[in-house]
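What follows is a single structure, written as structure tokens, with notes after it.
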Amino acid sequence: MAASGEPGRLWQEEEAAAVVVVGSCMTDLVSLTSRLPKTGETIHGHKFFIGFGGKGANQCVQAARLGAKAAMVCKVGNDSFGNNYIENLKQNHISTEFTYQTRDAATGTASIIVNNEVKTLFNPAPAIADLDPRFYTLSTVFCCNESEAEILTGHAVNDPTTAGTAALVLLERGCQVVVITLGASGCVTLSQAEPVPKHIPTEAVKAVDTTGAGDSFVGALAFYLAYYPSLSLEEMLKRSNSIAAVSVQATGTQSSYPYKKDLPLALF
Ligand SMILES: Nc1ncnc2c1ncn2[C@@H]1O[C@H](COP(=O)(O)OP(=O)(O)O)[C@@H](O)[C@H]1O
Ligand SMILES: *[C@@H]1O[C@H](CO)[C@@H](O)[C@H](O)[C@H]1NC(C)=O
Ligand SMILES: *[C@@H]1O[C@H](CO)[C@@H](O)[C@H](O)[C@H]1NC(C)=O
């Protein structure tokens, strides 16, 4: 992810993306039922819908809706879900130049981060305890939630104080900046430059559906890093909190992500 360009302007295919996301595109098949079926049991559901998900694509969609020139690097299957997903990315004005289709549905994707003068925002989801240590040293910003911080550090994380302790452990592993999101409590951050944990609270809102809030937050932070690099980190985090707070007030994942036109001008 490199810092360049003006937000909000429609971009041409040949222009370089300012936000590049390497991650997953998933089709969510959601059945609403009154209870979970037992093994092998068939039960009646009352509603079914298909949604666009995948943590990487969610983050990319949120950045694009704020006006970022964004590109998605991932693989989808060569089937109707894959075709529809590519159409969804295009509708969100995301470049699909590096979105590939494969016949092998089981193909996994690997995230490779090369540190060449670009800012890298790494979101270790889903977290594994023995994460390759290069992910810490190659990340400009390492952003995770409470449970991911707990898996990575082995320290229980459930409030700003314990998040600060875990963030310090992650900082010592070589990240330049660590951000731990705390749901309705906002987030905690610290950096090599200011290694004292700082709590960035968020406004209280009536949460309807918090699914994908973390991806909305990470997508917004990528947008600010790329387009407003001179803002202080604290200000970027306050604004990312505000954008993620909008996403929890509507149902669904990408369907709850706000567009620039629907947000207060003060956020831009
Ligand atoms: N109930 C809430 N009220 C306001 N903001 C929220 C709420 N839940 C989440 N957020 C915002 O979304 C961000 C990410 O939420 P969090 O629950 O930590 O991530 P995840 O979706 O990964 O579990 C928080 O840092 C905060 O800015
Ligand atoms: C995808 O499927 C179509 C028709 O089913 C075929 O023409 C095309 O070559 C396939 N592409 C890949 C990458 O497998
Ligand atoms: C953190 O994100 C993971 C996905 O990596 C999710 O499974 C988990 O529920 C989230 N934790 C919290 C506390 O929201």
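The values are calculated or read from the model by the stated rules, or taken from the named source; none is laboratory data. For clarity, every value in this text was computed on a predicted model and none was experimentally measured. No Cβ is skipped: glycine too gets one built from the backbone with ideal geometry, and neighbour counts run over all protein chains shown. The protein model used for the area step is the full one, side chains on, heavy atoms only, and it has no ligands, DNA or RNA in it. Shrake-Rupley method; radii C 1.70, N 1.55, O 1.52, S 1.80 Å.
What the table below lists for this structure:
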quantity: The stretch 206-228, subset hydrophobic (A, V, I, L, M, F, W, C), at pLDDT 95 or above and under 18 Å from S185 (Cβ atoms), residue most open to solvent (accessible area, probe 1.4 Å); calculated: A213
quantity: Residues that are modelled with pLDDT of 80 or more and open to solvent by less than 80 Å² (accessible area, probe 1.4 Å), drawn from the stretch 1-27; calculated: A16, A17, A18, V19, V20, V21, V22, G23, S24, C25, T27
quantity: Among residues of the stretch 44-71, those that are in contact (Cβ under 8 Å) with a residue 12 or more places away in the chain and part of a loop (DSSP other than H, G, I, E, B), counted; calculated: 7
quantity: The one condition in (1) outside any helix (DSSP H, G or I); (2) away from ligand 2 (no atom under 16 Å from the Cβ); (3) modelled with pLDDT of 90 or more that C74 fails to fulfil; calculated: (2)
quantity: Residue check, L231 touching a Phe, Trp or Tyr at 6+ places or on another chain (Cβ under 7 Å) and open to solvent by 10 Å² or more (accessible area, probe 1.4 Å); calculated: yes
quantity: Single match in L168, L182 (criterion: in contact (Cβ under 8 Å) with a residue 12 or more places away in the chain and either open to solvent by less than 60 Å² (accessible area, probe 1.4 Å) or touching a Phe, Trp or Tyr at 6+ places or on another chain (Cβ under 6 Å) (or both)); calculated: L182
quantity: Sole residue being farther than 23 Å from V19 by Cα, at pLDDT below 95 and away from ligand 1 (no atom under 13 Å from the Cβ), chosen from A167, A193; calculated: A193
quantity: Inter-residue pairs, beta-carbon under 6 Å, first closer than 12 Å to V179 by Cβ and in the stretch 140-156, second of a type outside the set (A, V, I, L, M) and within 9 Å of ligand 3 (Cβ to nearest atom), 6+ apart; calculated: C143/N123; C144/P124; N145/T181; N145/G214; E148/P124
quantity: Exclusive hit being in a helix (DSSP H, G or I), of a type in the set (D, E) and farther than 18 Å from G214 by Cβ, set E97, E87, E41; calculated: E87
quantity: Members of the stretch 246-266 that are of a type in the set (S, T, Y) and in contact with a strand residue (DSSP E or B) (Cβ under 6 Å, 6 or more places away or on another chain); calculated: T253
quantity: Search result, residues across the stretch 120-137 that are closer than 18 Å to Q59 by Cβ and either in contact with an Asp or Glu (Cβ under 9 Å, 6 or more places away or on another chain) or open to solvent by 20 Å² or more (accessible area, probe 1.4 Å) (or both); calculated: L121, F122, N123, P124, A125, P126, A127, F135
quantity: Pairs with Cβ under 9 Å, 6+ apart, first in the stretch 72-97 and over 27 Å from K260 (Cα atoms), second among the β-branched types (V, I, T) and open to solvent by 80 Å² or more (accessible area, probe 1.4 Å); calculated: K75/T109; F81/I50
